[in-house]
Amino acid sequence: MFKNSLFSVLLFCAYTVSFAQEKPAYTPEMQVFHSISSNEIYAFVEELCKPEYQGRQAGSPEYMACAHWVANRFAEWGLKPGGDQGSYFQHFPIHYTEMTGPGKLEIITLEGRKSYQVAKDYFPGTNSLNGRVKAPVLYVGFGLTAPELGYDDYKGIDVRGKIVLVEGGVPCSDRNHKDYRTWNEQYISTTGRITNAIEHGAIGVLLVGKTSNPNIKHQG
């Protein structure tokens, strides 16, 4: 028994040594990768998160300052430019909304009038234009219409000229459900809910949620 065990151990050691010898050496790319320390990466993140960049909103002067900082690093590292006119930049148009004032939100119910504070209670949607809207508010659940799934939150509800109150999420949360993928790939977006509300005649949308999305399609 002892000899068999010793023989097995020797075979295992021989196999391990042989396997180690067959492992390829680090490629030049992997050598460079492992030469980068976590402190260096943290320093880059720390620089791009400085208060003076104000969050690096796309298209803002602060964003461009960050982009130039990154481009300068590329130049220092000797990377070949692949952008517009031999630069490190690729320019393209992007819509965004710039808030020039806090706005105002009030809801009047049978119990009275209630005012809400921007940032504390709500955020103006970045897809909104300037304007003033006063209309009844109707709750429409998820605000989704999916005829192929036999589902419509607007069925039997006339929202023309109204403000709709819309929740996030979808009606299917069971990953094993046959329609789970369809719901969570085709109907999860905020843009789709807003577009659907407009198509049903709504003049305003209140989105219920805990986050503010700056990447919503611009609506007129």
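The values are calculated or read from the model by the stated rules, or taken from the named source; none is laboratory data. All figures in this text were calculated on a predicted structure; none of them were measured in a lab. Cβ coordinates were reconstructed from backbone atoms using ideal geometry, including for glycine residues, and neighbour counts include every protein chain displayed.
Cβ-Cβ distances below 9 Å connect the following pairs, each with a first residue in the range 178-194 that is over 15 Å from GLY209 (Cβ atoms), a second residue that is in a helix (DSSP H, G or I), and a separation of six or more residues or different chains: ASP179/LEU149; THR182/GLU148; THR182/LEU149; TRP183/LEU149; GLN186/GLY192; TYR187/LEU149; TYR187/ARG193. Can you tell me which residue within the range 5-42, out of those that are aliphatic (A, V, I, L, M) and farther than 20 Å from LEU79 by Cα, is modelled with the highest pLDDT? The selected residue is ALA25. Return yes when THR182 is surrounded by 15 or more Cβ atoms within 10 Å (Cβ to Cβ), closer than 27 Å to LYS134 by Cα, out of contact with any helix residue (DSSP H, G or I) (no Cβ under 6 Å at 6 or more places or on another chain) and assigned by TED's automatic domain parsing to the domain that holds PHE142 and no when it is not. Criteria not met by THR182.
If you check LYS162, LYS155, LYS120, LYS134 for being at pLDDT 95 or above and surrounded by fewer than 10 Cβ atoms within 10 Å (Cβ to Cβ), only one passes: LYS155.
Every condition in (1) surrounded by 14 or more Cβ atoms within 10 Å (Cβ to Cβ); (2) in contact (Cβ under 8 Å) with a residue 40 or more places away in the chain; (3) assigned to a loop (DSSP other than H, G, I, E, B) is met by ALA197 except one, and the failing one is (3). Set side by side, the residues GLY168, GLY141 differ, and just one is in contact with a strand residue (DSSP E or B) (Cβ under 9 Å, 6 or more places away or on another chain) and modelled with pLDDT under 90, which is GLY168.
If the condition is being more than 10 Å from ARG193 (Cβ to Cβ) and not hydrophobic (A, V, I, L, M, F, W, C), then the range 159-174 contributes ARG160, GLY161, LYS162, GLY169, PRO171, SER173, ASP174. Within the range 150-172, residues that are more than 15 Å from HIS200 (Cα to Cα) and assigned by TED's automatic domain parsing to the domain that holds THR190 have Cβ atoms under 6 Å from residues that are crowded, with 18+ Cβ neighbours inside 10 Å and of a type in the set (Ser, Thr, Tyr) in these pairs: VAL170/TYR187, counting only partners at least 6 apart in sequence or on another chain. Looking only at the range 145-162, residues that are in contact with a helix residue (DSSP H, G or I) (Cβ under 9 Å, 6 or more places away or on another chain) and of a type in the set (Val, Ile, Thr) come to 2 in all.
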